[in-house]
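The values are calculated or read from the model by the stated rules, or taken from the named source; none is laboratory data. The structure displayed is predicted, hence computed values, not measured ones. Using ideal geometry, Cβ is built from the backbone for each residue, glycine included, and neighbour counts are taken over all protein chains shown.
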Amino acid sequence: MLVLVIVVFFSYVQLSWKRTFDAPYPDIVASDDPVLIERGKYLAYGPAHCAVLKAEGYTREAPCHGDVFPAWMRLT
């Protein structure tokens, strides 16, 4: 019985793994609003810790000291 369940599950996965969903892309545009840009910077360097997680060579303590990315570092 267990073998049958495994075979059925394996067959289902093999037959349906390449399925695609046609959903429209959302209409997203970048904002020039300085308030929103500062909010994003606050989140990236503050509570969200994006700077710590996404930039190679960026230390966990750097945001606590008010450091920002050097010019050669970019978020990945």
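What about ILE28, is it modelled with pLDDT of 60 or more and surrounded by 10 or more Cβ atoms within 10 Å (Cβ to Cβ)? For ILE28, the condition - modelled with pLDDT of 60 or more and surrounded by 10 or more Cβ atoms within 10 Å (Cβ to Cβ) - is not met. Within the stretch 40-56, identify whether any single residue is basic (Lys, Arg), surrounded by 11 or more Cβ atoms within 10 Å (Cβ to Cβ), in a helix (DSSP H, G or I) and modelled with pLDDT of 85 or more, and answer yes or no. Within the stretch 40-56, none of the residues are basic (Lys, Arg), surrounded by 11 or more Cβ atoms within 10 Å (Cβ to Cβ), in a helix (DSSP H, G or I) and modelled with pLDDT of 85 or more.
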